[in-house]
Amino acid sequence: MPDVQWLLAYFALGACTGLLAGLFGIGGGGVMVPVLTLLFTAQDFNPEHRVHLALATSMAAIVPTAMASLRAHHNHQAVLWPVVWRMTPGTLLGTFAATFIASHLSAKFLALFFSGFMGFVALQLFLDRKPRPSRQLPGTAGLSVVGGGIGGVSALVAIGGGSLTVPFLAWCNVRLPVAIGTSAAIGLPIALAGASGYALNGWGVAGTPDFTWGFIYWPAVICMTAMSLVTAPLGAKLAHRLPVKVLKQLFGILTLLLALQMLRAVF
């Protein structure tokens, strides 16, 4: 097993990601991937696999975190279930397919893609563009296509989809607290498909550390999950109390800092 200091670091990371998952409707991968990459670097894991391990481990840890966040938002009646059901087939297919692409990409390319994507999300939040009042959600086919795109990008950066789903729903004039709650629900199938894909693609790969299953590093998953289940409901409560503008600004600052941290960890 890893040393106690690393287990404590995973516990602390799980507490932070659970809080942020509930607060912003994200799976927490945007936080976990750069920090896990940093921790795996400090533990001298194989440089070829550090980012892949971080992506896969993050996806696996998002599953229980998303469940806790989903339940909390459902209790606040903030989940549009018809939208969830229409987007889920596309998200499952897009996420699972993208893990096969990610497993063949270099760690540096994935880090650049992650950082560029998170920087783009931060910019959109800071610009705070208002959608046309007449804009509405697309039909079933449109939602399925959007779900596929969100799932594909989510697998490449190991997020629960919230960084894309929340802005998309808000762009379609869904109230932000409801967009956050719906995003939390959509994050669950994304995480399940992503974790399954990374486990399959990492199976039998040489040079991975002990206690891995495919690219999933289980000591980190278990520790992070234990704390995220406690803190995710607290974040969900905050999401329904903070002003929308404050939520957007906090989300934007967080994503920008994470993008910079990812570049620092890999390069």
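The values are calculated or read from the model by the stated rules, or taken from the named source; none is laboratory data. As the structure is a computational prediction, the values presented were derived from the model and not from experiment. We place every Cβ from the backbone using ideal geometry, glycine too, and count neighbours over all the protein chains shown.
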Next on the checklist: Can you tell me which residue is farthest from the chain's Cα centre (by Cα) among those in region 190-230 that are among the β-branched types (Val, Ile, Thr) and closer than 28 Å to Ser103 by Cβ?
Outcome noted: Val205
Next on the checklist: Under 6 Å between Cβ atoms, which residue pairs at least 6 apart in sequence (or on different chains) link something in region 170-183 that is of a type in the set (Gly, Ala, Ser) with a partner that is buried (at least 24 other Cβ atoms within 10 Å of the Cβ) and in a loop (DSSP other than H, G, I, E, B)?
Outcome noted: Ser183/Gly25
Checklist entry - Among the residues of region 171-186, is any assigned to a helix (DSSP H, G or I) and within 17 Å of Phe96 (Cα to Cα)? => result yes
Item to check | Number of positions in region 42-52 that are part of a helix (DSSP H, G or I) and either closer than 14 Å to Tyr10 by Cα or of a type in the set (Asp, Glu) (or both) | outcome: 1
Checklist entry - Do any helices (runs of 4 or more DSSP H) lying entirely in region 57-161 carry at least 3 residues that are of a type in the set (Phe, Trp, Tyr) and at pLDDT 75 or above, and which ones are they? => result 81-102, 107-127
Checklist entry - What is the residue count in region 187-204 for residues that are hydrophobic (A, V, I, L, M, F, W, C), part of a helix (DSSP H, G or I) and surrounded by fewer than 24 Cβ atoms within 10 Å (Cβ to Cβ)? => result 4
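Every residue, every condition in (1) of a type outside the set (D, E, K, R); (2) out of contact with any Leu (no Cβ under 8 Å at 6 or more places or on another chain); (3) more than 30 Å from Arg86 (Cα to Cα), yes or no:
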{"position": "Pro177", "(1), (2), (3)": "yes, yes, no"}
{"position": "Ala226", "(1), (2), (3)": "yes, yes, yes"}
{"position": "Leu234", "(1), (2), (3)": "yes, no, no"}
{"position": "Leu254", "(1), (2), (3)": "yes, no, no"}
Item to check | Cβ pairs under 6 Å, 6+ apart, first in region 213-224 and under 11 Å from Ala9 (Cβ atoms), second surrounded by 24 or more Cβ atoms within 10 Å (Cβ to Cβ) and polar (S, T, N, Q) | outcome: Ala220/Thr57
Item to check | Residue that is within 18 Å of the chain's Cα centre (by Cα) and either β-branched (Val, Ile, Thr) or surrounded by fewer than 23 Cβ atoms within 10 Å (Cβ to Cβ) (or both), where the choices are Leu92, Leu7 | outcome: Leu92
Checklist entry - In this structure, is Pro34 modelled with pLDDT of 80 or more and surrounded by fewer than 22 Cβ atoms within 10 Å (Cβ to Cβ)? => result no
Checklist entry - If Ala184 satisfies every condition in (1) surrounded by fewer than 24 Cβ atoms within 10 Å (Cβ to Cβ); (2) in contact with a helix residue (DSSP H, G or I) (Cβ under 8 Å, 6 or more places away or on another chain); (3) modelled with pLDDT of 75 or more; (4) under 21 Å from Ile253 (Cβ atoms) but one, which is the exception? => result (1)
Next on the checklist: Exactly one of these conditions fails for Gly207: (1) in a helix (DSSP H, G or I); (2) in contact (Cβ under 8 Å) with a residue 60 or more places away in the chain; (3) more than 22 Å from Met67 (Cβ to Cβ). Give me its number.
Outcome noted: (1)
Next on the checklist: assigned to a helix (DSSP H, G or I) and under 12 Å from the mean Cα position of the chain (by Cα): is that true of Pro233 in this structure?
Outcome noted: no
Checklist outcome for this item: Looking across region 210-251 at residues that are at pLDDT below 75 and in contact with a helix residue (DSSP H, G or I) (Cβ under 7 Å, 6 or more places away or on another chain), the single one that is surrounded by the most Cβ atoms within 10 Å (Cβ to Cβ) is Phe251
